[in-house]
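Participant: Attaching a single structure in structure tokens format; questions to follow.
The values are calculated or read from the model by the stated rules, or taken from the named source; none is laboratory data. Here the structure is a predicted model, which means the values were calculated and not measured. Virtual Cβ from ideal backbone geometry, glycine too; neighbours counted across all protein chains shown. All accessible areas refer to the heavy atoms of the entire protein, side chains included, with ligands and DNA or RNA removed. Shrake-Rupley method; radii C 1.70, N 1.55, O 1.52, S 1.80 Å.
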Amino acid sequence: MAKRSTIAAIDVGTWKVCTVLAELDENAHIQVLGMGVAPAQGLHKGMVVDISKARVAVKESVRGAERTSGVKIRSAYVGITGRHVSSLNSRGMVAIRRGDRMVTRKDLKRVLSNARMIKIDGDRRVLHVIPRGYMVDGQDGITNSEGMHGSRLDVETHIVTAATIAIRNLVKGVRGAGVEVDDLVLEPLASAEAVLTDDEMEYGVILADIGCGTTDVAVYKDGSIWHTAVLPVGGYQFTRDITMGLGAPFNVAEELKLKYGSIRPDVTKLDDKIDTAGWGLEEGNGVVRENIYEIVQARAEELLNMILVEVVPTVESEAQSPHTLVLTGGTANLPGLAARAQEIFRIPARVGTPLGMSGLADALQDPAYATSVGLLRWGAKHGAENHWRDSSYLANVGSAVRRAASGMKRVFED
């Protein structure tokens, strides 16, 4: 019988908290067993601002996944985002002095440890140290140097850091819901696992995961990550602009955005008046589709240009320019957004939807669940690769936490 194991993911977003439980076979194929979605509480732009409320939202989401799957969730891969996240590329080098000059797993650990010896503020922690490529005695383009021979080993890495307090609050919120944290994963890295192809990563691609509170950006070149960033703008700003422009309550503005928001509307319907009876708008406050179109289009173009400004400095030459733009996240569902992005970036653009799953997967085949699915793929792909994973932040996240599942008090060192 093929060996199977379960894996869980929790996407703690500004709008929703989504927990997904899946089963992996020996080929790491994902079969979704259950999912639970709960309205987000205690979160703002990807950061926990009220631990008690965040804990409740996570717990409700986890219980939903447990009910649909019939399986208890004890640990999960958790996504992290927010303006506090930053990244840089760093190089490490070590000498190979053994007689056979063969690169071993121990050498890989040493060179990655050397690369991560960067100066960061005391209130920050390293989340990821991701090898982008190796060099052995000056020979570059090496993706796996283990077993090769040489006297010098170099590595180029992408390093992601985050604010310690943000890490601590997120982990505490998840653990307080009775779930241990397998690893924290930067959300655009997770989303990339769900919606990008190997060819896109190889030839160059920009990923923009447009969520409610943030837009997570990742740039891939030559098959590896080159740049990541988190912009503090997302679908929430679209709704807020409609609220301010039309004088509508926030919940009404959200419904108007979802139902009538478009970047490329049917021009024959721009003059159509929207029936807002019972929606809480003041009497006589007429709304036509053109009102919503103008607001949504202006915000969309502003956001797309913010993404463009973020990624342009990462392009060193025309030959290295990304060949594709992939939009994902819930806001990517806005009609016409990909087409307008293609005009602004002047490269092909598409909407990325997570695929390649079985079981209860239909509900996840939407850009809004790219991070959730990507966290599962990340765990399946990288969970055993402890030679570069830095999990020290999980052991240093703070004070006493009571786990709901066992009632056992766990104390974590500061």
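Participant: Any idea how far the Cα center of region 199-225 sits from the one of region 333-367, in Å?
Facilitator: With region 199-225 and region 333-367 each reduced to a Cα centre, they are spaced 13 Å.
Participant: Whole-Hz ³J(HN,Hα) for each residue in region 175-186, computed from phi via Karplus 6.51 cos²θ - 1.76 cosθ + 1.60 with θ = phi - 60°, x for glycine and proline: what do you get?
Facilitator: 5, x, 8, x, 10, 7, 9, 5, 6, 9, 10, 4
Participant: Additional query: Mind checking which of Leu364, Leu127, Leu186 has the largest fluctuation in a GNM of the chain, springs on alpha carbons under 10 Å?
Facilitator: The residue with the greatest mean-square fluctuation here is Leu364.
Participant: Would you mind getting the accessible area per residue of the chain, heavy atoms of the protein chains only, 1.4 Å probe, in Å²?
Facilitator: Result: 45 Å² per residue.
Participant: Using only helices, what value at 222 nm comes out for the chain when you add -39,500 (n - 2.57) per DSSP H run of length 4 or more and divide by the total residues, to the nearest 500 deg cm²/dmol?
Facilitator: Helix-only estimate at 222 nm: -9500 deg cm²/dmol.
Participant: Average the reciprocal distances over every distinct pair of alpha-carbons in the chain, invert the result, and give the Kirkwood radius in Å.
Facilitator: 22.6 Å
Participant: Extending each Cα 7 Å along its Cβ direction at Lys53 and Asp121, get the distance between those two points in nm, one decimal.
Facilitator: 2.5 nm
Participant: Would you please give the FRET efficiency between Gln31 and Ala95, computed as 1/(1 + (r/R0)^6) with r the Cβ-Cβ distance and R0 = 35 Å, to the nearest 0.05?
Facilitator: It comes to 0.15.
Participant: Specify the residue with the greatest mean-square fluctuation among Ala166, Ala192, Ala248, computed from a Gaussian network of the chain linking alpha-carbon atoms under 10 Å apart.
Facilitator: Largest GNM mean-square fluctuation: Ala248.
Participant: Here is a further query. What does the net charge come to around Thr214 if you take all other residues with beta carbon closer than 10 Å to its beta carbon, with K and R at +1 and D and E at -1?
Facilitator: That sum, taken over residues with Cβ under 10 Å, equals -1.
Participant: What are the extents of the Cα atoms of region 58-187 along their three principal axes, listed from largest to smallest and rounded to whole Å?
Facilitator: On the principal axes, region 58-187 reaches 56, 36, 22 Å in Cα extent.
Participant: Right, here's the next one. Give the carbon-plus-sulfur fraction of the accessible surface of region 77-122 in %, rounded to a whole number; probe 1.4 Å, heavy atoms of protein chains only.
Facilitator: Heavy-atom surface of region 77-122 belonging to carbon and sulfur, 1.4 Å probe: 49 percent.
Participant: Let me ask something additional. Report the FRET efficiency, 1/(1 + (r/R0)^6), for Leu88 and Val312, where r is their Cβ-Cβ distance and R0 is 25 Å, rounded to 0.05.
Facilitator: Computed FRET efficiency for Leu88 and Val312 comes out at 0.90.
Participant: Still on this model: Got the relative contact order for the chain handy, in percent, Cα pairs under 8 Å and 6 or more residues apart? Don't skip to the answer; put the middle values down first.
Facilitator: Working: 942 pairs, mean separation 76.2, N = 414.
This gives 18 percent for the chain.
Participant: Let me ask something additional. Report, for the chain, the % of DSSP beta bridges that are antiparallel, rounded to 5. The partial results should precede the final answer.
Facilitator: Details: 60 of 79 bridges.
So the antiparallel bridges amount to about 75 percent of the total.
Participant: Using a Förster radius of 51 Å, what is the FRET efficiency between Thr104 and Glu290 based on their Cβ-Cβ separation? Nearest 0.05, please.
Facilitator: Computed FRET efficiency for Thr104 and Glu290 comes out at 0.20.
Participant: Shifting gears a bit: Rounded to the nearest 20 Debye, what is the dipole magnitude of the chain about its Cα centre when Lys and Arg each give +1 and Asp and Glu each give -1 at the C-beta? Please list the in-between numbers first.
Facilitator: Working: 48 positive and 51 negative charges, 396 e Å.
Magnitude of the dipole: close to 1900 debye.
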